[in-house]
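What follows is a single structure, written as structure tokens, with notes after it.
The values are calculated or read from the model by the stated rules, or taken from the named source; none is laboratory data. Computed from a predicted structure; not experimentally measured. So basically every Cβ, Gly included, is an ideal-geometry build from the backbone, and we count neighbours across all protein chains shown.
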């Protein structure tokens, strides 16, 4: 006999189940959460993590407790509140969206009068630290995008208070990361003693997963790009060679050096005590750091992002001795001049032409997100797409980019199909209610499994989705594509291994926890 929402009685009476199709894997996961253990739920994007949170909240409310769900951003908290209002059969006046936009003087009273709260973690944790609110009568706290619950992020303070008060915790994520140490840190932070993971090929999930057709689109560097890169490479090699010869770098070739290892070199140099040795190391390191970034921008992003970066170095009001030296280097001057001339002729990275071609030939009339690492690339792509008759808008973070109101306005217009292509930086991956689309284009591969999964999850939620990954041959694009695949597999393997170990050796029950 198939499972139904009635299997979750009596808590189903607080949920408007008429608007949600019962799925066996969700019901089984909810039953597991109902054991009262702190639970980590790992589900592919679009498979209904929110309804699991709703039933967990319904149980807490039925037992006379209050409930909290925290999400990384205000728009995501707003989205959760909308879902709670729609699915919970409780007085809407007893629900509260708590963000920093509510004055401090009002927040404590509003929280006291609410049974269900959706909040940003910074606002809630700050009010807890200041003694305005506490978790004394809460039955559950749900941490959405819980992979953020590491380090000093506000989630960790709330989680610590849950442990003190014996409040059950529920972590939700599509991607907890591939690093076993980080997964274990997440588990420790949330006091996890129960893991529920499903992957797209699991028998109870497979029928609900919309297939994604992934295509790698290789391109080659142009002769102009190679000419510019050939001017920069000897300069970078010379300074990296200096670091290598002095025992400050384990790498002699910067093209094979991971960005993370380069940053570690900088951290090591800062700890050097000998002043002259340290100064020499910093000089060579900053040279390599700046020019290798410029090199990667040109080879993976485009000529415009490269020139934009060199302009940003030139426009700094306060320039260090190293930056002045870089800008006066004859090879760097020649490389920048060649790049400017190429732009004047209309030359660009072949990825730009590939993106335009995909959108005009294979994806005509479809709803598409183009993801890219940098604002300068997003700006360039948006401008060129519109010049080629593709209705596109740039979607970047706040900072020097868009305000939250502007972001919401663009997303609303995109959702209403007022334009067809959203060119987004990482802001479009997580934390905002970005609509599902027909296709996603990765302008470059990224070696981060969490961000990869978030990006891919934007496509094919309701029907077959297509993913295109643009890759420049002979560059770090190839390495990053390989790394991203390895890390996604490692993430699944590690979380399953940790779950198996946890199932074999369950934690001793916590006498403080309210079950």
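So residue 28 ticks every box in (1) in contact with a helix residue (DSSP H, G or I) (Cβ under 8 Å, 6 or more places away or on another chain); (2) in contact (Cβ under 8 Å) with a residue 12 or more places away in the chain but one. Which box is left unticked?
(1)
Among the residues of the range 415-445, how many are modelled with pLDDT of 70 or more and under 19 Å from residue 72 (Cβ atoms)?
Total satisfying the criteria: 4.
Given 191, 139, 151, 171, which one is part of a strand (DSSP E or B) and either over 20 Å from the mean Cα position of the chain (by Cα) or farther than 19 Å from residue 69 by Cβ (or both)?
139
Against the definition (in the same structural domain as residue 195 (by TED's automatic domain parsing), more than 29 Å from residue 506 (Cβ to Cβ) and touching a strand residue (DSSP E or B) at 6+ places or on another chain (Cβ under 7 Å)), how does residue 114 come out, yes or no?
Taking the combined requirement at face value, the residue satisfies it.
Only one of these is at positive phi and either at pLDDT 85 or above or not assigned by TED's automatic domain parsing to the domain that holds residue 253 (or both): 474, 465. Name it.
After ruling out the rest, the residue left standing is 474.
Given the residues 451, 361, 383, which is the only one that is surrounded by fewer than 21 Cβ atoms within 10 Å (Cβ to Cβ), at pLDDT below 90 and not in a loop (DSSP other than H, G, I, E, B)?
451
Looking at (1) in contact with a helix residue (DSSP H, G or I) (Cβ under 7 Å, 6 or more places away or on another chain); (2) farther than 22 Å from residue 46 by Cα; (3) in a loop (DSSP other than H, G, I, E, B), which is the one condition that is false for residue 177?
Evaluating residue 177 over (1) in contact with a helix residue (DSSP H, G or I) (Cβ under 7 Å, 6 or more places away or on another chain); (2) farther than 22 Å from residue 46 by Cα; (3) in a loop (DSSP other than H, G, I, E, B) leaves (2) as the failure.
Return the total of residues in the range 395-409 being surrounded by fewer than 20 Cβ atoms within 10 Å (Cβ to Cβ) and either assigned to a helix (DSSP H, G or I) or modelled with pLDDT of 85 or more (or both).
5
Being in contact (Cβ under 8 Å) with a residue 60 or more places away in the chain, surrounded by fewer than 22 Cβ atoms within 10 Å (Cβ to Cβ) and in contact with a strand residue (DSSP E or B) (Cβ under 8 Å, 6 or more places away or on another chain) is true for just one of 184, 194. Which residue is that?
Exactly one residue qualifies, and that residue is 194.
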